[in-house]
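**Q** Please see the structure below; I have some questions.
The values are calculated or read from the model by the stated rules, or taken from the named source; none is laboratory data. Note that the structure is a prediction, hence the values are computed from the model and not measured. Because the Cβ atoms are built from the backbone with ideal geometry, glycine has one as well, and the counts that use them run over all protein chains shown. Accessible surface areas use protein heavy atoms only, side chains included; no ligands, DNA or RNA. Shrake-Rupley method; radii C 1.70, N 1.55, O 1.52, S 1.80 Å.
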Amino acid sequence: MKIIKINQKYPEDWIRVLNHMANLFFEDSKLKVDTTEADMEVAFNYRVDADFSVHTSAVLDMNGTRYTNDYSIQYETDAPERERNIRIKRALSHVFLDVLEQLTGMHQQWGILTGVRPTKLYHKFRKDGMSDTEIAEVLQRDFRLSEEKVALLQEIVARQLVTIPDLDDIGKGISIYIGIPFCPTKCAYCTFPAYAIGSNRKQGRVTTFLDGLHIELREMGKWLTENNMKITSIYWGGGTPTSIEAEEMDALYQTMYESFPNPETIREVTVEAGRPDTITPEKLEVLKKWGIDRISVNPQSYTDETLKAIGRHHTVQETIDKFWLARESGMNNINMDLIIGLPNEGIEEFQHSLDETAKMQPESLTVHTLSFKRASEMTRNKDKYKVADRDTVAEMMRMAEVWTKENDYVPYYLYRQKNILGNLENVGYSKAGEESIYNIVIMEEVQTILGVGCGASSKFVDPETGKITQFHNPKDPAAYILTFEEAIEKKIELLDDLYNI
């Protein structure tokens, strides 16, 4: 851990932001005011003038060497206290980033953006009437993004507006997320609701959970129908929704289509079949019966040793076989996921994954960068998992960018996470016209996402102000079974309030 001594006590939210900044350079760091065992010292200064300008400076001392930076930004108007604090935090981040870059020689291509969805920020500036050129200037000057990342954002935003031409007006509609919390096994990097289906089946929790889910689907469908809500997209996630039996899937889809209003107007329905070891001809027939042809078959890696290391109990060959089985069964829009930086993987292994993907040409490919999520097995036992260094993961991301372009994929959504290797990103690519509407809607937070099922998160987005209220269903199947009726009541209450009903 790096101990960084700072010159005075600052508000907790400021410290949190500055700590995020330090963690871009050091695996773990802590800012302290009173300490005698610091690895370095940083003195911050700031002021806000009467003309609404913000001025900050940072002086970093380490091993007898001093690094300094000053930054000023002029605002046209004053702001409420909360916004003023955001302005100061952003300006302090600016100077802290600069002195840390001087110290380490690292360049952060995402600049000071740590907890912000980059494309959402771009859309905000676009809606404010700024041109692409003006947005690029602000992102580079005030947020310190590289030209390459700005160009990536421009390409993604342009593609999103082609995919959803009414993106700015879609807020009055709603999308649905339905969570099935079971998997054959839990992957080492995973923090999603994913409980071993075998043991839960023996204990009767699968059947009881499904009974509750049918009720929740009907009750939420009743509210949607009574209030004439237009559904944009539906996404079955988890866990792995195809881990349950074919007849159980069939019954759920029947309940969904019988309960939800105007199913013929829904633009997209997606089912995660991410674990190839859950895909069977019978389940594919159920999907086909209900007109669902958009699924995910996720390899993550095409190296068998890696799959074993991360707890995925299937082989590379099974991924390939199940992809072609799905294709031959009429699945016309298949997504595949690859993860950069999995244990013991480097350039050679990732190139092999890209070469194998080229043989299948799925309609979309999501390239994730490994993130050490707080509750995952991989984070709890970090020493057990050797992952690629910063330069290697950056090169792997560059390889993905080149490969997708050569294979006629376009980037259409992007998000970032804390503790992500190399301070990189996750990017969704697709063949033109095959983009996922749900992925865009949830990442840009332009529409309410109603979560149904175990571990499902609801985001209630005010169509006028954009204000977001969240509600989370229990992650554990046992807890869901006990409380799903209370969750239904609470979500209806939140919906009534959101839409003034």
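**Q** Students often check this: by mean Cβ neighbours within 10 Å, which of 25-34, 421-430 ranks highest, and how do the rest follow?
**A** With the highest mean Cβ count within 10 Å placed first, the list reads 421-430, 25-34.
**Q** Roughly how tilted is helix 390-406, in degrees to the nearest 10 and between 0 and 90, from the longest Cα axis of the chain?
**A** Result, in degrees: 50.
**Q** When a/c is below 1.5 the answer is rounded, else prolate if a/b is larger than b/c, else oblate, so apply that to the chain with a ≥ b ≥ c taken from the square roots of the Cα gyration tensor eigenvalues.
**A** Prolate, since a/c reaches 1.5 and a/b exceeds b/c.
**Q** Can you list the HN-Hα couplings for region 245-260, worked out from phi with the Karplus curve (6.51, -1.76, 1.60; θ = phi - 60°), rounded to whole Hz and with x for Gly and Pro?
**A** Result, rounded to whole Hz: 6, 4, 5, 6, 4, 4, 5, 5, 5, 5, 4, 4, 6, 6, 8, 7.
**Q** Say the dipole of the chain comes from +1 at the beta carbon of Lys and Arg and -1 at that of Asp and Glu; which of 456, 254, 234 then lies farthest toward its positive end?
**A** 456
**Q** Also, quick follow-up: Where a ≥ b ≥ c are the square roots of the eigenvalues of the C-alpha gyration tensor, would you call region 342-486 rounded, which needs a/c under 1.5, or, failing that, prolate if a/b is larger than b/c, or oblate?
**A** The shape class here is oblate.
**Q** Okay, next question. List the extent of the Cα atoms of region 1-143 along each of their three principal axes, largest first, rounded to whole Å.
**A** 50, 32, 24
**Q** Same structure again: When the convex hull of the Cα atoms of region 403-501 is projected onto a plane and the area is averaged over all directions, what value comes out in nm²?
**A** That works out to 9.1 nm².
**Q** Can you give the relative contact order of region 342-501 as a percent, counting alpha carbon pairs under 8 Å and 6+ residues apart?
**A** About 18 percent, as a whole number.
**Q** Taking Cα atoms, how many degrees apart are the long axis of helix 316-328 and the longest axis of the chain, rounded to 10 and kept between 0 and 90?
**A** Helix 316-328 and the main axis of the chain meet at about 60 degrees.
**Q** For region 166-223, report the translational diffusion coefficient in µm²/s to the nearest whole number, using Stokes-Einstein at 10 °C, 1.306 mPa s, and a Kirkwood Rh over Cα pairs.
**A** The Stokes-Einstein estimate is 114 µm²/s.
**Q** Can I ask one more? Taking the Cα centre as origin and putting +1 on Lys and Arg beta-carbons and -1 on Asp and Glu beta-carbons, what dipole magnitude results for region 243-306, to the nearest 20 debye?
**A** Computed about the Cα centre, the dipole is about 280 debye.
**Q** Sequence gap at least 6, Cα distance under 8 Å: using those rules, report the relative contact order of the chain to the nearest whole percent.
**A** Value for the chain: 14 percent.
**Q** By how many degrees, 0 to 90 and rounded to 10, does the Cα axis of helix 12-23 deviate from the longest principal axis of the chain?
**A** 90 degrees
**Q** Taking the Cα centre as origin and putting +1 on Lys and Arg beta-carbons and -1 on Asp and Glu beta-carbons, what dipole magnitude results for the chain, to the nearest 20 debye?
**A** Here the chain has a charge dipole of around 1000 debye.
**Q** Give me the accessible area of residue 195, 1.4 Å probe, in Å² rounded to the nearest 10.
**A** 70 Å²
**Q** May I pose another question? Accessible area of the chain with a 1.4 Å probe: how many percent of it is carbon plus sulfur?
**A** 47 percent
**Q** Now for a different question. Sorting 324, 403 by accessible area (1.4 Å probe), largest first, what list results?
**A** So the residues, ranked largest to smallest area, are 324, 403.
**Q** Residue-wise, which Karplus ³J(HN,Hα) couplings in Hz belong to region 74-86, taking 6.51 cos²θ - 1.76 cosθ + 1.60, θ = phi - 60°, and x for glycine or proline?
**A** 9, 10, 7, 9, 6, 9, x, 4, 4, 5, 4, 4, 4
**Q** A further question follows. Specify whether the C-alpha gyration tensor of region 144-264 places it in the rounded, prolate or oblate class, a ≥ b ≥ c being the square roots of the eigenvalues: rounded for a/c under 1.5, otherwise prolate if a/b is larger than b/c and oblate if not.
**A** In terms of gyration-tensor shape, oblate.
**Q** In addition: Using the heavy atoms of the protein chains alone and a 1.4 angstrom probe, what is the accessible area of the chain per residue in square angstrom?
**A** 44 Å²
**Q** Between region 167-223 and region 484-501, what's the alpha-carbon centroid distance in Å?
**A** The two parts, judged by their Cα centres, are 18 Å apart.
**Q** Rounding to the nearest 20 debye, state how big the charge dipole of region 396-437 is about its Cα centre with +1 on each Lys and Arg Cβ and -1 on each Asp and Glu Cβ.
**A** Charge dipole of region 396-437: 220 debye, to the nearest 20.
**Q** Same structure again: What residues have an amide H closer than 5 Å to that of residue 180, excluding those fewer than 5 places away on the same chain, when H is modeled at 1.01 Å from N in the peptide plane?
**A** 237, 238
**Q** Please report the relative contact order for region 384-441, taking Cα pairs under 8 Å with a sequence separation of at least 6, and give it as a percent rounded to a whole number.
**A** It comes to 33 percent, rounded to a whole number.
**Q** Another question about this same structure. Arranged from highest to lowest average of other beta-carbon atoms within 10 Å per residue, in what order do the peptides 78-86, 387-395, 271-279 appear?
**A** The densest-packed peptide leads the list: 271-279, 387-395, 78-86.
**Q** For region 450-465, just list the computed ³J(HN,Hα) in residue order, Karplus coefficients 6.51, -1.76 and 1.60, θ = phi - 60°, integers in Hz, with x standing in for Gly and Pro.
**A** 8, x, 10, x, 6, x, 6, 9, 9, 10, 8, 9, 5, x, 9, 9
**Q** Another one. Could you work out [θ]222 nm for the chain from helices alone, using -39500 (n - 2.57) per DSSP H run of at least four and dividing by all its residues? Round to the nearest 500 deg cm²/dmol.
**A** That calculation yields -13000 deg cm²/dmol at 222 nm.
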